[in-house]
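Q: So that we are looking at the same thing, I have put the structure below in structure tokens.
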Amino acid sequence: MTENNFLTKTLTDTVLTRRSFLKWSAAVGGSAALAGGLNFGLKTVENAVAAGEEQVSTIGCYHNCGGRCILGAVVKDGTVVRLVPDPTPAKDEDLRTNPRAIPCLRGRSKIHHTYAPERLKYPLKRVGKRGEGKFERISWDEALDTIASEMKRIKEKYSNEAFYFMYASGENWKGPDGRDPMRRLMRLFGGYTDYYGSYSAAAYGAALPFITAGSGNSAEDVLNSKLIVLFGDNAVVNNAGGDNAGYWYMKAKENGTKFIVVDPILTDTAMALEAEWVPIIPGTDVALIAAMSHVMVKEDLYDKEFMATHATGFDEDTLPEGAPRNSSWMAYIMGHGPDKVEKTPAWAAAITGIPADRIASLAREIASVKPCALFQAWGWQRRAYGEQPVRALPILAAMSGNFGISGGGPGIRPSGMAFKMSGMPVPNNPVPAVISVFTWPDFITRGKEMTSGARDKIKGVDKLSSSMKFMWNQAGNTVINQHSDINLTTKILEDDTLLEFLVTFEVMMTPTAKFADILLPGTTGFEADNIITGEGHGIKGNHAWALFNHKIIEPMYECKEALWIAEQLADRLGLGDEFREGHMSREDWMQDMVKSAQESYPDFPSLEEFKKVGIYKVSSNKSTIAFADFRADPVANPLRTPTGKIEIYSPSLAAYNEPEEIPAIPKYIPEWEGLSDPLHDKYPLMMETTHFVARSHSTFDNVDYLREAHHQSIWINTLDAKKRGIKNGDMVKVYNDRGEVHLPAFVTHRIRPSVTNMYQGAWYMLNANGVDTRGCGNMLTKYHPTPLAKGNPQHTNLVQVEKL
Amino acid sequence: MTKQLAFSVDIAKCTGCKACQIACKDKNNLPIGVRWRRVFQYEGGEWIKQDGQMIPGNVYAYTVSAACMHCENPICMDVCPAAAISKRADGIVLIDQDKCIGCRYCSWACPYGAPQFNEDLGVMTKCNMCVDLVDKGERPACVESCPYRAMDFGPLDELRQKHGIFAAPAPLPDSNLTRPSVVYRPNRVTKSSGDTSGKLKNLEEL
């Protein structure tokens, strides 16, 4: 790869000159009145800029859309007056290799996020019932002493296995803040039960190693595609930044690429790409893929030689040793498998809701237009049987001749360049036990019963010796709001004889924060120096960066940084020296980070210089073509799957011996709470809970500008609404046996009949009757882990909707 | 005379995210309820039965970002009883907040609803094209904000040469009313002002 590294001088010379006067550490300065009547009496970092002059400091958007977009904060007379997008000079921007990371609306709202009234101000201890939200202000010393003594008590009474470091994604610094300081400390303290997977891509992560492993073509390679078919993938909303996957799709459209979107929703992505929309019944994607395969076989439209040499179990001839007869993909689609059902377009039409002719024409188009890229996103795998489509789509990519070529790809996610910089070192976890990220409520209620068997699939040990007694929850709203079935989780957490101690370290009074025993107020990105690396979720293409996030105001109220808290706890646990390892300040940790970057990028600046320029960008003028070497020679360059091939039949999955739910080949499995579930008579509408443009998961839900811009609602098709007498904007009641939500209806043609969508991430707000009045889908979702990943199926739900 | 300045928006690049609206509010420090730039969501079509399955028949949607159009014939200026509205030599239409009496005539007269009452200030306000930035040679905040580079800014005649002369996508009003200084590049499904096949979908957000 020819890498074109360059140092981007992000700020004009005049600004640099002005900035050289700044003393970042000193804290004086007058009160910083946010214009418009808000005055928090804040101190800003001293600045020597003349009155009325503006200076720009780089900051980053460090939340979990994966974008990590770049902003400049304009500071004038001691106040952050406004934000500007990625201040990289336009002349350094190459729209085809290294576009500027222009933030979306979420990043642009950061001033109102920082100064939101929901900010936590002081350390708090719970005084009421857990979850009631009654707290008393305490000192930092009392808060930290209490946490340290509870850590010692629980370690002694139950062992380190009773500790859990909760999944969360609210802050994503490279460091020195973020999750690493506390992970480091808790491991030095003896460790904790860890988790595998994520709430984003549990099934993808679990299934991918058994089909292709690895990652796809780098995102900007879409500029070489003639046809792109997206299965789900609302990239312009989920990966919205100006250099992210959504940008590349839009750029490809400008380039003349045709898009087809298979999705129950005419998403903003499908709309903006002017895509052909193929609205599918959710959860039936494998039926569609099987039928398209069937068409390609029947009409001889696939690469037979490639499938014979590069895939395992495509047909009977390539089944691995020990596989039963008629267990191949070919047997499945031609009706020779155990179900004896031929997977014709007519068969799939009845399941997917897509007319048979359309299925056939789609198959022909994918098979004939070259190169064609098939992309899957993560929405379709947050479903009851989310592992199945993940493994199915690469089969079509392989059959249609697009696997391992430019402009095509292996039918998985796109990829991107990682920025090579190490964060704070985190030692190995002395506790070997690992649970699935989604199953922590079981760890609380029945930890000692959890085993490596089919039900729980814990890893590292055969069974757990303790249930969870201590939870560290940092920058996360997953404990309640983002986990399935809020009413169930509430019951579990309310019993403080089960989970004995819950610490939440947060910036906002979220629904989860209300459940803390000790609640610690954290700083936001405005309030501390930090470094961010810009590879995001790794789907941004072959460019990346490191960003110096400047401290632009003093910490608000009594808010503290993650590093400081870990240091303070380390001292109280007698681990101060081990924790610091000679690092006496934030600077010391950042010096190490900069040094590690310099090993990979010789022209990476000194920390001092990095602070001044703010941004260091790197890009490549060559795209990564995934598995091109495998395509050329599958024997010399095997995939990293267990069989080294495109593993359509997986002996590893067969070995689970759970063929109904973990089949060796991907299969269409009718969902519980799908349209064929008898519960459908009572609750006739499917409900998805997709990402919302005005939030990154639940982050930003409290920001007034964003609430004003995009209203929380439930999407319902015009025909379903008409049957119920519902008009656009009417308040409706959405309910099932698990809960009830009241919110406005968005009545639209842009969603399939029988399907609804309630954007995920709204902070639930209960009225006196226990009804959520904000619109949080997790009042209605089911805690039912997926078979292989034990992941979250938060898009698989049945509900009823009525006009209020 | 200086050339009339204008915005352009490429509807084919607009995802409806409203980064432009938030950037505008951030730059101009606007309170809740005042949106100098807004994004209209327009949608049409129907669902039909084919081969026993429900399919979308010509279902379409697009979004239109719009602010004050700094019109050639600024009707807001004509109706203002306090003579608080003026048009600069470069065509930027401004409200003088010291003269404004908050009567809202301009808001009622403007077919785009661009002037909006700011309760904190007690006067009418509207998009001023980030005149302070423009006077420094920079571009308005909204134009710089678009992750998809859908917006452009400059002299109207240059924008017309670059992007065409279309100025009235539905659901915006007929451009003959005030001769707006704006260019919209339509996408394949964009309808013209007066279209009745679709509906404005997000009135509550405007």
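Q: Can you compute the charge dipole magnitude of segment A:158-239 about its Cα centre, using +1 on each Lys and Arg Cβ and -1 on each Asp and Glu Cβ, nothing else charged? Give it in debye, rounded to the nearest 20.
A: The dipole of segment A:158-239 has a size of about 140 debye.
Q: Relative contact order for segment A:572-697: what percent, with Cα pairs under 8 Å and sequence separation of 6 or more?
A: On the way: 54 pairs, mean separation 9.9, N = 126.
Reported relative contact order: 8 percent.
Q: Any idea how far the Cα center of segment B:6-51 sits from the one of segment A:754-772, in Å?
A: 25
Q: A follow-up question, please. Across peptide B:28-40, what mean number of C-beta atoms from other chains lies inside 10 Å of a residue's C-beta? Could you put the intermediate results ahead of the total?
A: Details: counts 3, 8, 3, 4, 5, 1, 1, 3, 0, 0, 1, 2, 0.
Shielding by partners across B:28-40 averages 2.
Q: Report the relative contact order of chain A, percent, no decimals, based on alpha-carbon pairs under 8 angstrom and at least 6 residues apart. Intermediate values should be presented prior to the final figure.
A: On the way: 1992 pairs, mean separation 159.7, N = 804.
Contact order relative to length: 20 percent.
Q: Shifting gears a bit: Please work out how many pairs of lysine residues in segment A:398-521 are eight or more positions apart (or on different chains) and have Cα atoms closer than 28 angstrom.
A: So the count of such lysine pairs works out to 14.
Q: What order do you get for A:598-607, A:67-76, A:417-426 when each peptide is scored by the mean count of other beta carbon atoms within 10 Å, highest first?
A: A:67-76, A:417-426, A:598-607
Q: Where nothing but the Cβ of Lys and Arg (+1) and of Asp and Glu (-1) is charged, how large is the charge dipole of chain A around its Cα centre, in debye to the nearest 20? Each step should come with its number before you reach the end.
A: On the way: 87 positive and 95 negative charges, 204 e Å.
Approximately 980 debye in magnitude.
Q: Quick check: the distance between the Cα centres of segment A:440-485 and segment B:133-167, to the nearest angstrom?
A: Comparing the Cα centres of segment A:440-485 and segment B:133-167, I get a distance of 53 Å.
Q: Moving to a separate point now. Could you line up B:Asp135, A:Asp701, A:Asp303 from fewest to most neighbouring Cβ atoms inside 10 Å? Display every interim value, and only then the final one.
A: Working: B:Asp135 12, A:Asp701 27, A:Asp303 17.
Final ranking by Cβ density, sparse to dense: B:Asp135, A:Asp303, A:Asp701.
Q: Please arrange B:Val123, A:Val734 by counting, for each residue, the other beta carbons lying within 10 Å of its beta carbon, fewest first. Show your work: numbers first, answer last.
A: Numbers: B:Val123 20, A:Val734 27.
Least crowded to most crowded, the residues run B:Val123, A:Val734.
Q: Restricting to DSSP loop positions (anything but H, G, I, E, B) with no more than 15 other Cβ atoms inside 10 Å of their own Cβ, which trypsin sites (Lys or Arg not before Pro) remain in segment A:286-339?
A: Working: sites: A:Lys298, A:Lys304, A:Arg325; in loops: A:Arg325.
For trypsin sites (Lys or Arg not before Pro) across segment A:286-339 that sit outside H, G, I, E and B with at most 15 neighbouring Cβ atoms in 10 Å, the list reads A:Arg325.
Q: Also, I was wondering about something else. Please give every one of the lysines within straight-line cross-link reach of B:Lys99, meaning a C-alpha to C-alpha distance under 30 Å, and leave out same-chain neighbours fewer than 8 residues apart.
A: Qualifying lysines at Cα under 30 Å: A:Lys76, B:Lys3, B:Lys25, B:Lys27, B:Lys87, B:Lys126, B:Lys136.
Q: Which helices, counted as full DSSP H runs in chain A, have an axial Cα extent of no less than 15 Å and a Kyte-Doolittle average of 0.5 or above?
A: Details: long enough: A:140-158 (26 Å, -1.01); A:285-298 (20 Å, 1.34); A:356-368 (18 Å, 0.18); A:387-399 (20 Å, 0.68); A:562-572 (16 Å, 0.15); A:586-600 (22 Å, -1.47).
Helix filter hits for chain A: A:285-298, A:387-399.
Q: Got a sec? Charge dipole of segment A:319-412, +1 on Cβ for Lys and Arg, -1 for Asp and Glu; which of A:Phe375, A:Pro394, A:Trp329 is way out at the positive end?
A: A:Phe375
Q: A further question on this structure: Along the charge dipole of the protein assembly as shown, which of A:Ala632, A:Gly407, A:Val262 sits closest to the positive end, that is, farthest toward it, with unit charges on the beta carbon of Lys, Arg, Asp and Glu (+1, +1, -1, -1)?
A: A:Val262
Q: Counting other beta carbons within 10 Å of each Cβ, put A:Val127, A:Val261 in order, fewest first.
A: A:Val127, A:Val261
Q: If you count, for every residue in B:143-154, the Cβ atoms of partner chains within 10 Å of its Cβ, what is the mean? Mind dumping the intermediate values first?
A: On the way: counts 0, 4, 10, 4, 22, 12, 9, 2, 0, 0, 0, 0.
Per-residue shielding by partner chains comes out at 5.
Q: For segment A:475-574, which GluC sites (Glu not before Pro) pass both filters: DSSP loop (anything but H, G, I, E, B) and at most 16 other C-beta atoms within 10 Å?
A: Values: sites: A:Glu494, A:Glu500, A:Glu506, A:Glu527, A:Glu535, A:Glu558, A:Glu561, A:Glu567; in loops: A:Glu500, A:Glu535, A:Glu558, A:Glu561.
Sites meeting the loop and neighbour criteria: A:Glu558.
Q: So what is the relative contact order of segment A:502-650, in percent, for Cα pairs below 8 Å that sit 6 or more residues apart?
A: Values: 156 pairs, mean separation 28.5, N = 149.
With pairs under 8 Å counted, the relative contact order is 19 percent.
Q: May I ask you to list the trypsin sites (Lys or Arg not before Pro) in segment A:597-672 that are in a DSSP loop and have at most 16 other Cβ atoms within 10 Å of their Cβ?
A: Values: sites: A:Lys611, A:Lys612, A:Lys617, A:Lys622, A:Arg631, A:Arg640, A:Lys645, A:Lys667; in loops: A:Lys622, A:Arg640, A:Lys645, A:Lys667.
Passing both the DSSP loop test and the Cβ count: A:Lys622, A:Arg640.
Q: Using modelled backbone amide H atoms (1.01 Å from N, in-plane), which distant-in-sequence or interchain residues come within less than 5 Å of B:Arg185's amide H?
A: Here B:Val9, B:Asp10, B:Ile11 satisfy the definition.
Q: Once you mark the trypsin sites (Lys or Arg not before Pro) that are in a DSSP loop and have at most 11 other Cβ atoms within 10 Å, what is the longest gap between them in chain B? Write out the running numbers ahead of the final one.
A: Details: sites that count: B:Lys136, B:Arg188.
No qualifying site falls inside B:1-135, the longest such stretch.
Q: Tell me what the protein assembly as shown gives for mean residue ellipticity at 222 nm when only DSSP H runs of n ≥ 4 count, each as -39,500 (n - 2.57), the sum divided by the residue total, rounded to 500 deg cm²/dmol.
A: Values: 31 runs with 243 residues, N = 1010.
After summing the helix terms and dividing by residue count, I get -6500 deg cm²/dmol.
Q: Considering only DSSP beta bridges whose two residues both sit in segment A:431-561, what percent are antiparallel, to the nearest 5? Don't skip to the answer; put the middle values down first.
A: On the way: 6 of 16 bridges.
In segment A:431-561, approximately 40 percent of DSSP beta bridges are antiparallel ones.
Q: Distance between the C-alpha centers of segment A:59-134 and segment A:512-527? Whole Å please.
A: Taking the Cα centre of segment A:512-527 as reference, the centre of segment A:59-134 is 17 Å away.
Bear in mind that the values in this text are calculations on the coordinates, not laboratory data. Remember, it's a predicted structure, so these values are computed and weren't measured experimentally. Neighbour counts are summed over all protein chains in view; Cβ atoms, including those assigned to glycine, are modelled from backbone coordinates with ideal geometry.
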